[in-house]
Structure formats: C-alpha cells, structure tokens
Amino acid sequence: MTSHFYRPAEGHRLPHDPFNAIVGPRPIGWIGTLSPAGVRNLAPYSFFNAFSYTPPLIGFSSTVRKHTARNAELSGEFTWNLVTRALAEQMNATSTTADIDEFVASALEAADSVEISAPRVAASPVSFECRVSDIIPLRGADGHTSTGVLTIGEVVAVHIDEAMIPDGIYQTALAHPVLRAGGPSAYFEVLAEGRFDLVRPR
C-alpha cells in the first residue's frame, strides 16, 4: 500500500480536504432554535452525533458562535430533526448564513415542541427536543482555543412517526435518512439493501 501522508498544519496537498470524507458519512444535525427576539432558526450541522444513552445526549459543533450555537446558548434549548431524502433539498436551503427565518425561506412547516420552545420540522419523521447540558469551547492539542464550540444537549422529548416503528422496533432505512459525505456537495442516503447484521461476542 502506498500512503498519502500529510500533517494537517502543513496542508493536505489535495483538491479538497479529505478529513470530512474519511470521517463519514456523518449524521446531520438539523438544529432548530429560537433567537432572544423570537426569530426561528433552522440549520444543518455535519459535525453532529449522539454521545450517551443515559442521559441521552447529542451534540453539534459550530465553527463559530453563529445563529444556532448562540441561540442554543442563550435559550438553553434546541431541537434536532432527522433529514430524509425527501427533505434533503429543503435541508440544503436552510444552510444559508443570512439572518432570516429558514422555515419560511425553505417552505418548511414548523411544529411546536412539547417540553421546550424551540421549533421542530413538522415533516421530519423523528425530532428530539433538547435542553443544553454543556457548551465546550474547542481547542487544539497545544491548548489554544479555536473559534469553534461544541453544544451538547440532553434529549428530553422524542417524536417518532409510528410508520418508522413497525412491531415496536425503529427501522433506520424506512426513513431514508441522509448523511453528509466529503467534498463540497456529496451526501449519502441510507437504503435497506445496505444493511448487514453482526452479533456481539459474549
């Protein structure tokens, strides 16, 4: 095997940074928040994941404290909404950095949450209502902080389309979830034919 080696601090010497493509496909954090003025915000984050069962924790990382991270910090809450193939184009429309109501701009209907004030995406088959549990400034190995921040929230309420849970078991592929891949425009859809099963050793 011939290896392409590089030190990130010195540049990758490729047409596009491969880091995002290697760590992927990545789940999308489609995060809904409210500003202090009551303006709805909806934005996708590809640096997103689940971190804990008990308590159930999810988090998203923002390169700067822009609208979503700032709103979550000030309000103490946010929603996560599952991106499906049917919603992918509207999700992409919400990636604008303009200070607008992305629900209106992307023609998405908002749904009220039960436990918090932040809006949900009505058409999304799964939504989490979250209360912020931690905000972590990101830093390098040398201790220097970056402009990025990791926002972690505890899931306090869950909404699931019952069509996704036949026989009471959530079926990932039924929702056709979309995941972010590498490069400037690549995404993947989870399809049933991609499934395989492994049994953990005892």
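When ranked by the protection proxy of mean other Cβ atoms within 10 Å per residue, highest first, what sequence do the peptides 18-31, 138-151 form?
Ranking the peptides 18-31, 138-151 by packing returns 18-31, 138-151.
Please identify, among 59, 183, 76, the residue showing maximal mean-square fluctuation in a Gaussian network model of the chain using a 10 angstrom Cα cutoff.
183
Taking the Cα centre of the chain as origin, sum charge times position over the Cβ atoms of Lys and Arg (+1) and Asp and Glu (-1), and report the length of that vector in debye to the nearest 20.
Working: 15 positive and 21 negative charges, 147 e Å.
Charge dipole, the chain, about its Cα centre: 700 debye, nearest 20.
Would you calculate, for the chain, the mean residue ellipticity at 222 nm contributed by helices, counting each DSSP H stretch of 4 or more residues as -39,500 (n - 2.57) and dividing by all residues, to the nearest 500?
Helices in the chain give a 222 nm mean residue ellipticity of -2500 deg cm²/dmol.
Can you tell which of 170, 31, 149 lies farthest toward the positive end of the dipole of the chain, using +1 and -1 charges on the Cβ of basic and acidic side chains (Lys, Arg; Asp, Glu)?
Result: 149, furthest along the dipole toward the positive end.
Can you tell which of 61, 52, 124 shows the greatest fluctuation in a Gaussian network model of the chain with Cα springs below 10 Å?
52
Viscosity 1.306 mPa s, temperature 10 °C: give me the Stokes-Einstein translational D for the chain in µm²/s, with Rh taken as the Kirkwood radius over C-alpha pairs.
The calculation lands on 87 µm²/s.
Projecting each Cα onto the charge dipole of segment 1-134 (Lys/Arg +1, Asp/Glu -1 at the beta carbon, about the Cα centre), which of 22, 49, 127 comes out farthest on the positive side?
Final value for the positive-end residue is 22.
Values quoted throughout were computed directly from the atomic coordinates according to the rules given, and no laboratory measurement underlies them. The structure displayed is predicted, hence computed values, not measured ones. FYI the Cβ positions are ideal-geometry reconstructions off the backbone, even for glycines, and counts take in every protein chain you see.
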